[in-house]
1. Can you send over the solvent-accessible area of Arg461, 1.4 Å probe, protein chains only, in Å² to the nearest 10?
2. If the cut-off is 30 Å between C-alpha atoms, which lysines fall inside it for Lys572, apart from same-chain ones fewer than 8 positions away?
3. Carbon and sulfur: what percent of the chain's accessible surface (1.4 Å probe)?
4. Starting from 0.36 nm per residue, how many nanometres of slack lie between Arg95 and Lys529 once their C-alpha separation is accounted for?
5. Can you work out the Karplus-derived ³J(HN,Hα) for every residue in region 90-95? Use 6.51 cos²θ - 1.76 cosθ + 1.60 with θ = phi - 60°, whole Hz, and x for glycine or proline.
6. Could you work out the local net charge near Glu446, counting Lys and Arg as +1, Asp and Glu as -1, over the other residues with Cβ closer than 13 Å to its Cβ?
7. Obtain the nm distance between the two label points defined at Arg379 and Glu471 by a simple spin-label model: each point lies 7 Å from its Cα along the Cα-to-C-beta direction.
8. Could you please put Ile483, Ile42, Ile80 in sequence from largest to smallest accessible area, using a 1.4 Å probe?
Amino acid sequence: MSQGSIVKVSGPLVVAQGMGDANMYDVVRVSGMGLIGEIVEIHGDMAYIQVYEETSGLGPGEPVESTGQPLSVELGPGLIEAIYDGIQRPLNAIREQAGDRIARGVRAPSLDRDKKWHFTPAIEKGAHVMAGDIIGVVQETPVVEHRIMVPYGVEGTIEEIYEGDFTVEDTVARVAVKGGIKEITMMQRWPVRRGRPYKRKLPPDRPLITGQRVIDTLFPVAKGGTACIPGPFGSGKTVVQHQLAKWADADIIVYVGCGERGNEMTDVLMEFPELKDPRSGQPLMKRTVLIANTSDMPVAAREASIYTGITIAEYFRDMGYSVALMADSTSRWAEALREMSGRLEEMPGEEGYPAYLSSRLAEFYERTGYVKCIGSQEREGTLTAVGAVSPPGGDISEPVTQATLRIVKVFWSLDAQLARARHFPAINWLLSYSLYIDNIRDWMDENVAPDWMDLRMQAMRLLQEESSLEEIVRLVGMDAISIRDRWVLEAARSIREDFLHQVAFDEVDTYTSMNKQYRMLKIIMDYYKRGQRALDEGVELDDITNLPVRERIGRAKYIKEEDMNQFDEIEKQMAEQFAQLLESSKA
């Protein structure tokens with residue numbers, strides 16, 4: 001271990017001399033308070049340290065000691081339901097030690113060392129195991145079975161394996177490896193800046209169903225995919241991410257609050273224990289890990305929080321789970337990079353961000369994917385990342401948004417005008433896109449409906465036509481456009497208000513299954529097509545728009561999942577009312 005002394009303090013950057021034996025990314029303890037830091041640059045025997053705690057009061061001459069270990073997270077039973085800060089310190093345990101304010105230099109193990117978990121072996125003595133093999137399970141919560149895996153780099157024969165109640169540090173198995181016996185515990189450590197290994201990546205070919213209609217039908221994200229939500233203040237980024245965390249059909253949710261306001265994380269902490277998981281009926285916290293690194297915490301810790309979150313997510317992916325990671329927001333993470341880059345006196349790139357901003361973002365998003373997990377047991381896992389971006393003033397031409405868009409495959413563009421009009425989710429259907437449509441088409445055709453793609457394309461075409469027609473209406477007025485064009489505007493309005501608009505706080509409307517989404521869009525498009533034919537037969541436009549079924553179509557979003565037969569009734573009613581219209585027009 002290398003020991004040195006401080007020569008300079010500049011905000012979160014501390015420069016120490018006498019650190020010639022230290023390595024890049026080693027964790028160090030700074031000053032007598034033992035503040036946690038990480039070496040980000042080395043010049044000769046001078047180490048440049050990013051400190052993850054408040055540095056006020058530090059001065060030259062104070063000691064700095066390297067631990068000789070990279071910044072790592074502890075992985076094992078106890079992660080689910082935990083609330084950590086950006087460097088995986090458990091906030092509940094710290095509160096018990098230090099009260100409501102996090103004291104500097106406070107330490108607490110990331111995983112509880114005293115709590116015992118019941119370990120059930122999954123293999124027998126004498127079995128040959130390799131890295132990634134599941135040797136046993138722990139029922140961590142009613143909905144999550146924690147699978148204990150052989151650590152990376154270990155291969156051999158099981159000499160002993162035990163069943164019973166153990167702490168995360170107790171030995172649960174002994175493996176005969178080359179050169180001796182390796183004791184395996186339920187806990188392993190992994191450096192956060194290094195992606196966990198897998199056999200190979202597979203093409204993402206199934207959607208992550210979120211229950212949000214504008215996302216699932218128009219701009220879906222695949223399991224193992226990447227998405228970003230840029231938008232100005234007040235446009236609903238956090239609410240969209242909360243909705244995805246609540247309803248996405250992932251087995252595990254890792255929510256990283258990276259430099260956002262404390263009240264937004266408080267909403268998560270208050271809501272998730274109360275909300276019921278639609279699949280299991282248990283509270284959502286029973287399958288959630290929270291990294292709560294808010295804006296009033298030291299800026300450097302934001303940079304670590306993203307890596308802490310994705311390493312925990314990779315660990316659950318390796319068990320064969322579908323994991324969704326929400327990062328709120330990567331703009332605050334990029335600000336931490338800019339802050340440290342400025343302190344290190346590096347040559348700035350665009351708008352003061354470091355020149356390596358794009359490569360750091362790419363390193364983060366590239367750790368997602370649909371993969372074959374390592375180990376002799378065949379299993380697949382997915383890790384999907386959704387990053388919110390907070391461009392100043394909603395200007396998506398700024399560097400963080402543009403660098404993100406070059407990497408991710410789904411762009412949900414939040415629109416301040418839609419938000420002001422109280423249209424939520426305020427995702428602009430003319431600017432957003434998804435590059436996973438072709439990948440998931442076969443899954444949708446097989447599991448939703450064979451004409452899902454056609455319906456989607458028809459709806460998108462109507463929305464684009466509406467945009468063109470609205471410009472004409474603004475210039476020359478509604479009277480200047482044809483009856484058929486007015487019917488296009490009416491149908492597009494129905495898509496916007498009856499399908500895309502969704503109330504997150506309504507018990508029924510907050511989540512819509514894929515089957516219900518398809519049925520909703522189908523009756524709207526059927527109404528449009530029947531209306532077109534009626535206009536061709538000489539029926540008046542007002543007679544079509546005033547049909548009683550129109551109100552039922554508008555209220556279809558409030559039909560409960562168990563009452564789907566009401567859609568059959570609406571279709572029957574629509575056919576009858578259009579038939580009567582045509583009869584009366586001929587008479």
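The values are calculated or read from the model by the stated rules, or taken from the named source; none is laboratory data. For clarity, every value in this text was computed on a predicted model and none was experimentally measured. All Cβ positions, glycine included, derive from the backbone under ideal geometry; neighbour counts span all protein chains shown. Surface accessibility is based on the protein's heavy atoms, side chains included, excluding ligands, DNA and RNA. Shrake-Rupley method; radii C 1.70, N 1.55, O 1.52, S 1.80 Å.
1. 120
2. Partners within reach: Lys516, Lys522, Lys529, Lys557, Lys560, Lys586.
3. Accessible surface attributable to carbon and sulfur in the chain totals 47 percent.
4. On the way: separation 434, 0.36 × 434 = 156.24 nm, distance 6.13 nm.
Gain in length upon complete extension: 150.1 nm.
5. Values per residue, Gly and Pro as x: x, 5, 5, 5, 5, 4 Hz.
6. On the way: positive: Arg206, Arg441; negative: Asp205, Asp442, Asp445, Asp451.
Taking every other residue near Glu446 into account, the sum is -2.
7. It is 5.4 nm.
8. On the way: Ile483 80, Ile42 55, Ile80 10 Å².
From most accessible down to least: Ile483, Ile42, Ile80.
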